[in-house]
Amino acid sequence: MSLHIFKRGKYWHINDTVSWAGKSIRIRQTTNCTLRREAQEVASQLHQQALSKLRGGSASAAVPFSLAALEWVKLKKRGATDLQNVKQLGQFFKYKIVSDITTEDWHQYVRQTLHDRRPATVNRMRATLNSILVSTSTSVHLPKQKDKGQRVRFLSVEQQEKLLSAYPTALQPLFITLCYQGLRKSEATKLEWQDINRDSATITIRDENSKSGTGRIIPMHPRVQDSLRFTNDRFVFTNIHGQPYAKEGPRKAHNTACKRAGISNFTIHDWRHHWASRLVMLGASIPTLMALGGWKSERLVMRYAAVSDEHNRDTLFRL
């Protein structure tokens, strides 16, 4: 038996009552599904959940992951990374009952979906899944992946200048911007000339181009302003076809420049780590970094802002 479903807009909804032994539970909610077959599966799971509750069982015993994740998202304002993690997890665990999820299920998900991802990425996904399970009073041991040592993601000033000089002339403005503004790669490659205000020396990151979904206006570093040369293209940084770069950015040119500069294991995104670390070593406060970098929590900032051993020693010697 399943609950009555009906379609409103593109989603199927439920409006029905489950009864047992003179007691009843009214269910009125969306299934968050666009396909009737999937909506019926959700309705069936909700029906079983309601019956379990009426019979005195655990209300979470028959909750499908898709609904548990939806409630978890509603429970607290989640960031863009959380929502992205939920979407990826849902593709694997969607109709699985949360109380049936096992450690082996997690290992299988990692093997199938995250086999080529870094331990830190896997552990962030693990944290999201674990939080969803805990919200339904479900406890599963999800082992963390061990990181084989945290690599240094910032350069010395000498290395910075050597690498910037190693890029092709046409690409130097992009990497100077990454180095001195701390923008995410996607934020930089989506910049349009309308976002650049030379009079006020500011750069506008629009809501739709920000990973957090919240835009910001930041001061433009003089070196960035000097490097930018206006073109008739819509975008500030374009490939040879006048189009914005794809998701991976000019990775090949970056890797070639790193080899020329004698720098290894430094990605395009590491420019953001470099920027945050250098500012911290120059005395920038965490609130300032959050405002300039578009972070919503101090925890995220601290993932980016490492400091050198020399900085730690010099700080200690100020006593």
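The values are calculated or read from the model by the stated rules, or taken from the named source; none is laboratory data. What you are looking at is a predicted structure, and each value in this text was computed from that prediction instead of being measured. Every residue, glycine as well, gets a Cβ built from its backbone with ideal geometry; the counts of neighbours run over all protein chains shown.
For the range 180-187, state whether one or more residues are in the same structural domain as Val280 (by TED's automatic domain parsing), more than 20 Å from Phe266 (Cβ to Cβ) and among the acidic types (Asp, Glu).
No - not one qualifying residue is present in the range 180-187.
Among the residues of the range 196-233, how many are in a helix (DSSP H, G or I) and under 12 Å from Gln181 (Cβ atoms)?
Total meeting the criteria: 5.
Go through the range 249-267 and give me each residue that's crowded, with 21+ Cβ neighbours inside 10 Å and either in a loop (DSSP other than H, G, I, E, B) or without any contact (Cβ under 8 Å) to a residue 24 or more places away in the chain (or both).
Correct list: Gly249, Pro250, Phe266.
Can you give me the number of residues within the range 3-22 that are surrounded by fewer than 12 Cβ atoms within 10 Å (Cβ to Cβ) and at pLDDT below 85?
The qualifying residues number 2.
Which of the residues that make up the range 44-77 are part of a loop (DSSP other than H, G, I, E, B) and either on the phi > 0 side of the Ramachandran plot or modelled with pLDDT under 75 (or both)? Break it down stepwise before answering.
Just the residues of the range 44-77 that are part of a loop (DSSP other than H, G, I, E, B), to begin with: 55-63, 76-77.
Hits for the range 44-77 are Arg55, Gly56, Gly57, Ser58, Ala59, Ser60, Ala61, Ala62, Lys76, Lys77.
Given the criteria under 14 Å from Ala253 (Cβ atoms), out of contact with any Lys or Arg (no Cβ under 9 Å at 6 or more places or on another chain), without any contact (Cβ under 8 Å) to a residue 60 or more places away in the chain and surrounded by fewer than 23 Cβ atoms within 10 Å (Cβ to Cβ), does Thr202 qualify?
It is false that Thr202 is under 14 Å from Ala253 (Cβ atoms), out of contact with any Lys or Arg (no Cβ under 9 Å at 6 or more places or on another chain), without any contact (Cβ under 8 Å) to a residue 60 or more places away in the chain and surrounded by fewer than 23 Cβ atoms within 10 Å (Cβ to Cβ).
Among the residues of the range 137-156, are any in contact with a strand residue (DSSP E or B) (Cβ under 8 Å, 6 or more places away or on another chain), of a type in the set (S, T, N, Q) and in contact (Cβ under 8 Å) with a residue 40 or more places away in the chain? Working first, answer last.
Filtering the range 137-156 down to residues in contact with a strand residue (DSSP E or B) (Cβ under 8 Å, 6 or more places away or on another chain) leaves none.
No, the range 137-156 has no match at all.
Pick from Arg153, Arg117: which is surrounded by 13 or more Cβ atoms within 10 Å (Cβ to Cβ), within 17 Å of the chain's Cα centre (by Cα) and in a loop (DSSP other than H, G, I, E, B)?
Going through Arg153, Arg117 in turn, the sole match is Arg117.
What's the total number of residues in the range 245-275 that are at pLDDT 90 or above and within 18 Å of the chain's Cα centre (by Cα)?
7
Could you pull out the residue among Gln108, Gln84 that is part of a helix (DSSP H, G or I), modelled with pLDDT under 90 and not hydroxyl-bearing (Ser, Thr, Tyr)? If you could, list the steps in order and put the result at the bottom.
Numbers: Gln108 fails: modelled with pLDDT under 90.
The unique qualifying residue is Gln84.
Please enumerate the residues belonging to the range 28-43 that are at pLDDT 80 or above and either more than 18 Å from Ala69 (Cα to Cα) or part of a helix (DSSP H, G or I) (or both).
Leu35, Arg36, Arg37, Ala39, Gln40, Ala43, listed by residue number.
Restricting to the range 162-219, what's the tally of residues that are over 23 Å from Asn239 (Cβ atoms) and either aliphatic (A, V, I, L, M) or more than 17 Å from the chain's Cα centre (by Cα) (or both)? Talk me through it step by step, then tell me what you get.
Our first condition is that a residue be over 23 Å from Asn239 (Cβ atoms); within the range 162-219, this holds for 162, 197-202, 207, 212-219.
Filter once more, keeping what is either aliphatic (A, V, I, L, M) or more than 17 Å from the chain's Cα centre (by Cα) (or both): 162, 197-202, 216-219.
Looking only at that region, the number is 11.
Would you please name the residue that is modelled with the lowest pLDDT, looking only at residues in the range 220-244 that are polar (S, T, N, Q) and under 25 Å from the mean Cα position of the chain (by Cα)? So that I can check it myself, show each step before the final result.
The first filter runs over the range 220-244 and keeps only residues polar (S, T, N, Q), leaving 225, 227, 231-232, 238-239, 243.
Right, trim to under 25 Å from the mean Cα position of the chain (by Cα) and you get 238, 243.
On the way: Thr238: 90, Gln243: 83.
If we take residues in the range 220-244 being polar (S, T, N, Q) and under 25 Å from the mean Cα position of the chain (by Cα), then Gln243 is modelled with the lowest pLDDT.
Looking at (1) closer than 26 Å to Lys252 by Cβ; (2) touching a residue at least 12 places away in the same chain (Cβ under 8 Å), which one does Thr121 not meet, given that it meets all the others?
Every condition holds for Thr121 apart from (2).
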